[in-house]
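Everything below concerns the one structure shown next.
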Amino acid sequence: MRELRLSRQVDLRRYTNPNQKNVDLIMKIKFVSIEGSIITVGFRKMASLMRTIHPETEVDFIVPTNQMSVLSFLLGRCTSEMSDDDLNKISQHLAKADLVAFSSMTPYADLTKDIISRIKQVNPQVYFIWGGIHPIMAPEDAIQHANAICTGEGEVAFEEFLSAYKEGRDYTQTKNFWFKENDQIIKNDFLPLQTQEDMDNLPLPIYADDEFDLAQ
Ligand code: B12
């Protein structure tokens, strides 16, 4: 049996209401999509599931530019750059969380890394998870910047991770995830792909429910 010293021990009292056993109260999770909002189906599916398993989850969008806008395209404004001022405001807001989970593609990978490093400067205690296309396609790069990355389908894997994390169990065995613990990278196997029936049982993607556009 492999022995692992976790770099971060979870204080259960922070996440459990002593009067209502097994009810999550205080763990602050921010679930953040870095890209144009209406089309991000994978993120919206994950955000919807998160609201089911941890209703207090805040769902945020960072929309650097409207990539789908014809005018933006013609004016050459399809860029992932944001002003220093906006980035600082966004990072300060996200730094109030215990756990920040990002979803982004490779065109927004540098922006994701920049925001993570700014959040760390404000609050070094934040636990970072990175999911979506970039960690799937370039896991060796993504894991350098987050505590954990999701390298495949997120639904079952994230739920398993979160319950282990909150209960103080060893979460580093979670499949479809890689972890960085004390500079050691733990690469777990894949879960079997979900069947159509599995997916039919998931909640519908979330749309316009308490969403927060961080670029506004
Ligand atoms: C449908 C699609 C589109 C759609 C919708 C895009 C979208 N944002 O959802 C449209 C046509 C709009 C589109 C546009 C673009 N696309 Co496209 N698209 C696809 C395609 C065919 C399927 C993606 C998909 O919906 N998958 C299904 C969903 C459910 O999966 P998912 O999003 O990955 O989410 C799962 C996991 O990633 C994970 N997950 C996701 N987020 C998180 C977060 C956390 C915290 C966790 C734990 C897990 C997790 O769980 C989710 C559910 O299981 C892929 C190719 C492919 N076969 O995958 C290319 C692909 C994603 N597209 C790509 C590109 C480059 C683009 C564009 C940048 C093209 C362009 N130059 O404009 C734009 C970007 C627009 C934008 N801002 O999003 C590339 C991305 C390459 C990369 N390395 O990033 C791909 C891989 C195609 C390719 N091979 O080049 N695209």
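Here the gap between residue 170 and residue 201, fully extended at 0.36 nm per residue and compared with their Cα-Cα distance, gives a gain of 8.4 nm. Counting neighbouring beta carbons within 10 Å and listing from fewest to most, the residues 165, 171, 207, 127 come out as 207, 127, 171, 165. Near residue 138: Cβ cut-off under 13 Å, other residues only, Lys/Arg at +1 and Asp/Glu at -1. The net charge is -2. The lysines whose alpha-carbon is closer than 26 Å to the alpha-carbon of residue 45, local same-chain residues fewer than 8 away aside, are 28, 30, 96, 113, 166, 175, 180, 187.
Residue order for 134, 145, fewest other beta carbons within 10 angstrom first, comes to 145, 134. Taking the number of Cβ atoms within 10 Å of each Cβ as an exposure proxy, the fewest-first ranking of 197, 153, 160 is 197, 160, 153. The magnitude of the dipole of region 162-202, with charges of +1 and -1 set on the Cβ of Lys/Arg and Asp/Glu and taken from the Cα centre, is near 180 debye. Phi-derived couplings, Karplus 6.51 cos²θ - 1.76 cosθ + 1.60 at θ = phi - 60°, listed residue by residue for region 40-57: 7, 5, x, 5, 5, 5, 5, 5, 5, 4, 4, 5, 6, 8, 8, x, 7, 4 Hz, with x used for Gly and Pro. When the Cα gyration tensor is reduced to axis lengths a ≥ b ≥ c, the ratio a/c is 1.5 or higher for region 75-162, and with a/b not above b/c it is classed as oblate. Note that region 187-192 has calculated 3J(HN,Hα) couplings of 10, 8, 5, 8, 7, x Hz, one per residue in order, obtained from phi through the Karplus relation 6.51 cos²θ - 1.76 cosθ + 1.60 (θ = phi - 60°); glycine and proline are x. Normalised by residue count, region 91-216 yields a Cα convex hull volume of 134 Å³ per residue.
The numbers here are math on the coordinates, done by the rules we state, and not lab data. Bear in mind that the values here come from a model prediction, so they are computed numbers and not experimental data. Quick reminder, even Gly has a Cβ in these numbers, built from the backbone with ideal geometry, and neighbours come from all protein chains shown.
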